[in-house]
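Participant: The structure's right below; bear with me while I get my questions together.
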Amino acid sequence: MTNIGDAVRIVMIEDDAGHARLIERNIRRAGVNNEILPFTTGTDALDYVFGPDGSGEVSSKRHLLVLLDLNLPDMTGVSILEKIKANEHTRRIPVVVLTTTDDEREIKRCYDLGANVYITKPVDYDSFSNAIRQLGLFFSVIQVPETQ
């Protein structure tokens, strides 16, 4: 197990540039200085997580945490979650779903697929900022397992 403070990379999959900036700014305000790798499409994010050969083995030596929006231009976040959790090399990567979708069925589906945390983005700017700051505090204390 590795504290998020110990070289854990945050893979942020968020297509809205404004939300991405707000998320990063408030994670930083919470004192989390980990590298944040921003991806605007699921395809690019999965290419990174699964590596050049597509096996996911490259991530077995990485300490990653995925911050996942469900509404992306090229595929659904649910599909990304499914792929990450179905792979033997990536299934232990913590996935935090951060999305505007508050449909109960969607929330249940994400947890059934292995999401570790599901957070609905507040529509209000101040509430959203505060929620992300709280998420940053959460990041500062959680443990991230080695994936193998």
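Participant: Using a cut-off of 13 Å between alpha-carbon atoms, which aspartates and glutamates can reach Lys85, once sequence neighbours fewer than 8 places away in the same chain are excluded?
Facilitator: Asp112
Participant: Continuing with this model, one more query. Quick check for you: with a 1.4 Å probe and neighbouring chains kept, what is the accessible area per residue of the chain, in Å²?
Facilitator: That works out to 49 Å² for each residue.
Participant: Leaving out ligands, DNA and RNA, what percent of the accessible area of the chain is carbon and sulfur, probe 1.4 Å?
Facilitator: 49 percent
Participant: For Cα pairs less than 8 Å apart in space and 6+ apart in sequence, what is the mean separation divided by the residue count of the chain, i.e. the relative contact order in percent?
Facilitator: Value for the chain: 33 percent.
Participant: Still on this structure, I have one more. How would you rank 69-80, 87-98, highest first, on the average number of other Cβ atoms within 10 Å across their residues? Walk me through the intermediate numbers first.
Facilitator: Values: 69-80: 18.2, 87-98: 20.3.
Taking the mean over residues of other Cβ atoms within 10 Å, the ranking is 87-98, 69-80.
Participant: Taking a ≥ b ≥ c as the square roots of the Cα gyration tensor eigenvalues, with a/c under 1.5 meaning rounded and otherwise prolate when a/b beats b/c, else oblate, which class fits the chain?
Facilitator: In terms of gyration-tensor shape, oblate.
Participant: Something else: What number, rounded to the nearest 500 deg cm²/dmol, is the helix-based mean residue ellipticity at 222 nm of the chain, given -39500 (n - 2.57) per DSSP H run of at least four residues and division by all its residues?
Facilitator: So the calculated ellipticity at 222 nm is -12000 deg cm²/dmol.
The values are calculated or read from the model by the stated rules, or taken from the named source; none is laboratory data. This structure is a prediction, so every number in the text was calculated from the model and none was measured. Glycine also receives a Cβ, built like all others from the backbone with ideal geometry; neighbour counts cover every protein chain displayed. Each accessible area value is taken on the protein alone, full model and side chains, heavy atoms only, with ligands, DNA and RNA left out. Shrake-Rupley method; radii C 1.70, N 1.55, O 1.52, S 1.80 Å.
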